[in-house]
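Bear in mind these aren't lab numbers, they're just calculated from the coordinates by the rules spelled out. Because the structure is predicted, anything quoted here is derived from the model rather than measured. Every residue, glycine as well, gets a Cβ built from its backbone with ideal geometry; the counts of neighbours run over all protein chains shown.
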Amino acid sequence: MVYYYRVLTLTAAFLLTLLATSLFFDYVASDDLDALDLVRVTLLAITSFGIAWGAALAFSGLFARDPKVPDPAPLSQRRMTAVLVPIYNEDPVATFSRIASMSDSLVATGRADDFHFIVLSDTRDEEIAAAEERWFLRLVEETGAGARMFYRRRPVNHGRKAGNVADFVRRSGASYDFLLILDADSLVEGETMVEMARRMDAEPDVGLIQTLPKVINAKTWFGRAMQFASWFFAPSFSRGLAAVQGSAGAFWGHNAIVRTEAFAQTCGLPKLSGKPPFGGDILSHDYVEAALLAGGGWKLRLYTDLEGSYEEAPDDLIAYAKRDRRWCQGNLQHMRLLLAPGMRLWSRFFLVQGIMAYLASPLWLAFLLTSLVAPFFEAGPVYFPEQGALFPQFPHVDKAKALMLLATVFALLILPRLLIVARATGTAAHQGFTGTASVGWSTVGEVLWSSVMAPIMLCYQSRSVLQIVTGADGGWPVSDREEGISPAEAWAGSWWITAAGIVALTVAAVFTPELLPWLLPVGLPMMLAPLIIYGTSTKGSGLLAARLGLFATPTELKPPKLLLDRRAVLARWLGEPLHPRKEEAMPTIAVPAPGAMP
């Protein structure tokens, strides 16, 4: 069945790419084909495959089912799971309040003693580190879970997050059967944790189970649009991804459970030779770890039916672009790993997809720029191509082909979403939302919003690729989890996009006015980038979306107990700040005793 979905999805993607490419080729060939036109056709063919592949995955997800769930038998024996929470200069109040609520959720299952929470700190800021220790004591005191909560701060953060987890595995992995890896902003129901461990125990050849995290707590227009997409569209895309990946499934680095033995056997990551950005620590380690697990003979599962897995996301585009810069550098590092021994072919293809996810932006930009300058290199029309001809032959430009191409691209972007809405109507996938009309309007709003954001993200990703290929290391910036930015910050972060949009539209208006209507959907959002970024990053913009009935999600309409408990803990802690006396000595807090891996 996996090979059926792979062949079907790849064939559909290639056919859709061929359709778009042939339409554009016919369009440019209708008026004297030249070398620059061939360059444009090639660029379009490469970049349109990414769009076609996403559409094909969505179509597959409409018909695919999740991998078969093991029989609902209880755990064969007691299995210990370490819930790892790597942190790096995070707000300890926000992070530990999540742990407190997850701990209480586990207690309600009756299986809390099988799960230990391990905070793995790589914090470099001494003031934040001191706050981590104080608030960890508060966490242990309030939950009464001192026997199953541990804190460890590394003196040196070799290997970043992946190195932090690897260090724990080497020192203490033998104490645990499974590792449930979270991010600082992760939140997972206790019942979901228990079910993840049960499924892992039921299939001894499975090395990793990945859930589909849903975005929560978005407060701005930007965040709410992303949140709605993660709830309504992402399951279909992810089911399609799971169908084509099979046992060589995905790992997104968090909200996933791994078998400790499998991770220890296969996932030791090398430090790439040379200097960053292409050398040094592997930043996008999760893709590589997934490839190593699959290459080592372990199965990976992506289950979209596992509810109760949440995460938070940036509430403004500037913060999102900063995080995306790190992902871009990490994915481009994978170019050095494509020929590494021991990987399955599909894992290599998955790495190529991740690389192209970022190279696509500068390639699209190159396509737009070559289209803008193409008229300057065109030879004048030849009205009498044959010597002695009595009547001139006027050039013919087939604009219908261009319109068909535009329609094809929009269809690839919009049709999958419309089909998801149509299929969800009246089914369980529709439950929890505010109704068909609201979902429909939210879909229209999300499509329009994505169209506005696409040119801006194209600029950010193109700049990231340019910085990386010219040797600029973006490092591992601290995550900005606070919503809202000022107008000055929006301008400072995007003025160059405005300038580029003005230049592009001005050149088109003066030298190639026939291209101006085609460039307006790209150039206008670029010109207005600071206003768009600031206007959609405020709480007011989020309230406006709510009043309009846009982007509502089930947890917003009916918050589960886990989210309510976390809000209560956070409100109580923020209302009662911790001020320990200076003479109080901090007890030693450590992870369990080191042990050798099996």
- Task: Using only C-alpha positions, report the orientation-averaged shadow area of the convex hull of region 477-544, nm², one decimal.
- Result: 5.9 nm²
- Overall Cα dimensions of region 118-261 - principal axes, largest extent first, Å: 44, 43, 32
- Item | Value of D in µm² per second that Stokes-Einstein yields for region 1-62, Kirkwood Rh from Cα pairs, at 20 °C (1.002 mPa s) | 171 µm²/s
- What per residue convex hull volume, in Å³, do the alpha-carbon atoms of region 255-329 yield? 116 Å³
- Would you list F232, F376, F367 from fewest to most Cβ contacts within 10 Å? F376, F367, F232
- Item | Full-extension gain in nm, R567 to R423, via 0.36 nm per residue minus C-alpha separation | 48.4 nm
- Message: Can you tell me the convex hull volume per residue for region 94-202, based on C-alpha atoms, in Å³ to the nearest whole number?
- Response: 105 Å³
- Item | Kirkwood hydrodynamic radius over Cα pairs of the chain, then Stokes diffusion coefficient at 10 °C and 1.306 mPa s, in µm²/s | 61 µm²/s
- Message: Per 0.36 nm of contour for each residue apart, how much would the distance between V452 and E133 grow if the chain were fully extended, relative to their Cα-Cα spacing?
- Response: 110.5 nm
- Separation in nanometres of the label points that stand 7 Å from Cα toward Cβ, at A472 and S175: 4.4 nm
- Task: Mind listing the long-range amide H neighbours of L302? Cut-off is under 5 Å, sequence gap 5 or more, other chains count too, H placed in the peptide plane at 1.01 Å from N.
- Result: Q210, A250
- Task: Starting from the Cα gyration tensor of region 450-580, take the square roots of the eigenvalues, sort them a ≥ b ≥ c, and report rounded, prolate or oblate (rounded when a/c is under 1.5, otherwise prolate if a/b is larger than b/c, else oblate).
- Result: prolate
- Task: For region 63-70, just list the computed ³J(HN,Hα) in residue order, Karplus coefficients 6.51, -1.76 and 1.60, θ = phi - 60°, integers in Hz, with x standing in for Gly and Pro.
- Result: 10, 6, 10, 5, x, 4, 7, x
- When each pair of different Cα atoms in region 177-266 is counted once in the 1/r mean, what is the Kirkwood radius in angstroms, to one decimal? 14.4 Å
- Item | For E142, E289, order by how many other beta-carbon atoms lie within 10 Å, fewest first | E142, E289
- Note on the structure: Phi angles of region 326-331, converted by Karplus (6.51 cos²θ - 1.76 cosθ + 1.60, θ = phi - 60°) into ³J(HN,Hα) in whole Hz with x for Gly and Pro, give 5, 4, 4, 4, x, 5
- Computed [θ] at 222 nm, deg cm²/dmol, the chain (DSSP H ≥ 4; -39,500 (n - 2.57); rounded to nearest 500): -19500 deg cm²/dmol
- How many angstrom lie between the C-alpha centres of region 442-463 and region 292-359? 21 Å
- Near the amide H of I87, under 5 Å away, which other amide H atoms are found, from residues 5 or more places off or on another chain, if H is placed in the peptide plane? L120, S121, D122
- Could you give the angle, 0 to 90 degrees to the nearest 10, between helix 126-143's Cα long axis and the longest principal axis of the Cα atoms of the chain? 60 degrees
- If you count the DSSP beta bridges with both ends in the chain, what percent of them are antiparallel, to the nearest 5? 30 percent
- Over region 117-204, what is the relative contact order in whole percent, taking alpha-carbon pairs under 8 Å and six or more residues apart? 31 percent
- Shape of region 310-380, Cα gyration tensor, a/c cut at 1.5: oblate
- Taking placed amide H atoms and a strict 5 Å upper bound, the residues 5 or more places from V206 or on another chain that come that close are K299
- Message: Sort F150, F96, F551 by Cβ crowding within 10 Å, fewest neighbours at the top.
- Response: F150, F551, F96
- Task: May I ask you to evaluate 6.51 cos²θ - 1.76 cosθ + 1.60, the Karplus curve with θ = phi - 60°, for each residue of region 337-343 and list the ³J(HN,Hα) values in order in whole Hz, giving x for glycine and proline?
- Result: 10, 4, 9, 5, x, x, 9
- With Cα atoms, 0 to 90° folded angle of helix 399-424 axis to the chain main axis: 30 degrees
- Could you state the angle between the C-alpha long axis of helix 561-575 and the longest principal axis of the C-alpha atoms of the chain, as a value from 0 to 90 degrees rounded to the nearest 10? 70 degrees
- Task: Output the direction-averaged projected area (hull surface divided by four) of the convex hull of the alpha-carbon atoms of region 28-141, in nm².
- Result: 15.0 nm²
- Note on the structure: For region 66-124, averaging the sequence separation of alpha carbon pairs under 8 Å that lie six or more residues apart and dividing by its residue count, the contact order in percent is 55 percent
- Mind giving me the nanometre distance, one decimal, between the label points for A509 and M335, set 7 Å out from Cα along Cα→Cβ? 3.7 nm
- By the C-alpha gyration tensor axes a ≥ b ≥ c (rounded if a/c is under 1.5, else prolate when a/b exceeds b/c, else oblate), the shape of region 187-327 is oblate
